[in-house]
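Some notes on the structure that comes next.
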Amino acid sequence: MASAADLVIGCGPVGRSVVRVLTTRGQAVTAASRNRPHGFSDDWVRLDANNASAVARVAAGAERVYLCAAPPMVRWASEFEPLVSAVLAGLKEGTTLVFAGNLYPYGDQGIVISESSRELARGPKGRLRARLDQMVLSSRGLSTAVVRSSSFYGPGVGTSRAGRAEIEAMMAGKPVPALGSPDELHSMTYIDDFGRALVNVAHDRSSHGRVWLAPVQPAMSQRELLTAIGSGPGVKPKFRVANSFMLAAFGLVSPTMRSLRETYYIHAKPFLVDSSQYTEHFGDAATSLEDSVAQTLGALG
C-alpha cells in the first residue's frame, strides 16, 4: 500500500465526511475499514482495527490518523474499549490521532453544553465515552485530541433526527419515527462541519491535548429541521413519537431500543450546545441551514 499522509479509520458517515474534506483540500488520504464501502477503490485498505499489528501496518506511513470507527451501540460495552486500545497500541510515536466523540459524557445537566461543562454522565454509555476520550488524550507518545459532535445529519447519515430514513419517510408521506418530542429545541451539527472540525484540529498541533466541540447550527426542533428540508419538494413532516413508556416496552424485546433509554433526555428536553470556543479558535462557523439542506437533498438525489 502506498503511504498516505492522512489515514481515516472507519468509513461510516463521519469517516466519509473526513475523506471528503481532505480530498477537497488536496490532501492525500486513505480510508480503512473491515469491509470495502461503496465508492472506494484505490483510496481504501482493509483493516480490522481491533488488531494492533494490523493498525501498525496500515498506519505506518500516516502522519495523522482520524479514529471514526465505532461498533454498533448495542456492543459498545464489550467492543469499543478494545478497539480504541488496539488503535492506540498500533500507532507509532509522534503520530497525530484525533478521535470522533459525542456529547454523552456530559450527561443530563439541563444546561447549555460547552467544552467548559463538567462531565457528569451517570449511565454506562456516557461513562464509557468519557473514559475512551481520556484514554486517547492521555496516550503517551502520540499527539491527540477529541472532537465531540452533537446530533448530526447530512450526506451519508442513515438515521438520526433528520437522516436518510427520516427524510425518505417524510417524502413518502409516512410518519417520521421520533423520540421524546419533535418540538424541543436541539443543537444540530451538519456532518461535513464535523468532518471539517476533525481535519482542522488534526492539522493544528496547538489545538491538541484537549476536547473540542464541532460547530452547531442555531438550535431548532426536529419538526423545524425536517420542515426546512421538505420545503423545496413541498412536503411537511408528521411524526410517530415514542415516549419513555413506549421505549421501555420496546426495550424488552429490542436491544437497540433498550440502548436508547439512557440518552432519551437528549430528545425529550431542550438540548443546547455552545461551540464558540472552536469557532473562535479556527475562524470556522457552522454551514448555513440553506446550504446544508441543499447538500443533504442533493446527496439523496
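The values are calculated or read from the model by the stated rules, or taken from the named source; none is laboratory data. Predicted model only: the values in this text are computed from it and were never measured. Ideal geometry is used to build each Cβ from the backbone, glycine not excepted, and the neighbour counts take in all protein chains shown. Surface areas here come from the heavy atoms of the whole protein model, side chains and all, with no ligands, DNA or RNA. Shrake-Rupley method; radii C 1.70, N 1.55, O 1.52, S 1.80 Å.
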Whole number in Å², please: accessible area per residue of the range 1-150, 1.4 Å probe, ligands, DNA and RNA not counted. 45 Å²
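Normalised by the number of residues in the range 135-246, what is the relative contact order in percent for Cα pairs under 8 Å and 6+ residues apart? Before the final figure, lay out the partial values.
Working: 182 pairs, mean separation 40.5, N = 112.
Averaging sequence separation for qualifying contacts and normalising by length gives 36 percent for the range 135-246.
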For Arg34, what accessible area in Å² do you get when you roll a 1.4 Å probe over the heavy atoms of the protein chains, rounding to the nearest 10? 130 Å²
Contact order relative to length for the range 1-41, counting C-alpha pairs under 8 Å separated by 6 or more residues, stands in percent at 47 percent
Relative contact order, percent, the chain [alpha-carbon distance under 8 Å, six or more residues apart]: 18 percent
Which of the aspartates and glutamates could be linked to Lys125 by a straight reach, that is with a Cα gap under 16 Å, when you skip same-chain ones fewer than 8 residues away? Glu79, Glu81, Asp108, Asp133, Glu262
Using only protein heavy atoms and a 1.4 Å probe, report how much of Val273 is accessible, in Å² to the nearest 10. 20 Å²
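At a Förster radius of 25 Å, what calculated FRET efficiency corresponds to the Cβ-Cβ distance of Ala5 and Gln109, to the nearest 0.05?
Step by step, r from the Cβ atoms, then E = 0.05.
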Restricting to lysines and to Cα separations under 27 Å from Lys236, and discarding same-chain partners fewer than 8 apart, the set is Lys174, Lys269
Just the accessible area for Ser143, please: 1.4 Å probe, Å², rounded to the nearest 10? 20 Å²
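Per the helix-only calculation at 222 nm, which mean residue ellipticity applies to the chain, given -39500 (n - 2.57) for every DSSP H run of n ≥ 4 and division by its residues, nearest 500 deg cm²/dmol?
It comes out at -11000 deg cm²/dmol, rounded to the nearest 500.
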Using a Förster distance of 22 Å, the FRET efficiency for Leu297-Met73 (Cβ separation, nearest 0.05): 0.20
Treating only the Cβ atoms of Lys and Arg (+1) and Asp and Glu (-1) as charged, compute the dipole magnitude of the chain about its Cα centre; round to the nearest 20 debye. 820 debye
Taking H as built 1.01 Å from N, whose amide H comes closer than 5 Å to the amide H of Val176, not counting residues under 5 places away? Lys238, Phe239, Arg240
Mind telling me which of Pro215, Pro177, Pro13 comes out most flexible in a GNM of the chain, alpha-carbon contacts under 10 Å? Pro177
Over the range 258-301, give the accessible area per residue in Å² for a 1.4 Å probe, as an integer. 52 Å²
Please list Asp284, Asp6, Asp42, Asp183 from largest to smallest accessible area, probe radius 1.4 Å, with all protein chains kept in place. Asp42, Asp183, Asp284, Asp6
Hey, if we sort Lys125, Lys92 by accessible area with the 1.4 Å probe, largest down, what's the order? Lys92, Lys125
Using heavy-atom solvent-accessible surface (probe 1.4 Å) with all chains present, what is the largest-first order of Phe239, Phe80? Phe239, Phe80
Contour excess over end-to-end distance, with Cα ends at Ser138 and Arg34 and 0.36 nm allotted per residue: 34.8 nm
Carbon/sulfur fraction of accessible area - the chain, other protein chains in place, 1.4 Å, %: 52 percent
